[in-house]
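Bear in mind these aren't lab numbers, they're just calculated from the coordinates by the rules spelled out. Predicted model only: the values in this text are computed from it and were never measured. In this analysis, Cβ positions are derived from the backbone assuming ideal geometry, glycine residues included, and neighbour counts consider all displayed protein chains.
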Amino acid sequence: MTDIFSNKILCGKCSVEMQPINLHKNGFVLRAVKCSNCSNRIFHPKDEQEYNHFIDLKKKQYNVKMRFVGNSYAVSIPKEIVNFMKEQEKLMDDMVRLCFEDFGRISLRFGSAPDLSLVNSKFNKDHN
Ligand SMILES: [Zn+2]
């Protein structure tokens, strides 16, 4: 089956051929087409669906228990989050980067997920 975006898509209002663009939202890259006349945009249905799935997961809050393992504490990452990351191919291996982001807040970074600019600027400031 050919991808819908490999076809010419005309703007419903202007009948102008829409041009492919990539839109960045919350670390996500969504394929879209844009009308150069009226700026109307259409997201790729598959990307939009994945993005909506991501938003659903983002809204959830999980209560997970800390367990003492060896000399560290371990928490479980819900399977649906890891599975979603794997589907997005953002999780290439089992290594995640953890940092004490704020008081009362720890962040985990998976695979090739982009660095948080805030963390980077703080890091650079401290190491220059
Ligand atoms: Zn248009």
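For the set Lys13/Lys58; Lys25/Lys60; Lys25/Lys86; Lys34/Lys58, the pairs lying more than 30 angstrom apart at their alpha carbons are Lys13/Lys58. In terms of packing, defined here as the mean over residues of other Cβ atoms within 10 angstrom, the peptides 18-26, 55-63 line up highest first as 18-26, 55-63.
Inter-label distance, Val64 to Glu87: 1.8 nm, where each label sits 7 Å from its Cα along the C-beta direction. May I ask for the distance between the Cα centers of the stretch 1-47 and the stretch 53-94, given as a whole number of Å? So the two Cα centres are separated by 32 Å. Close amide H pairs (under 5 Å, H built 1.01 Å from N) link Glu101 with Ile106, Ser107, residues at least 5 positions away or on another chain.
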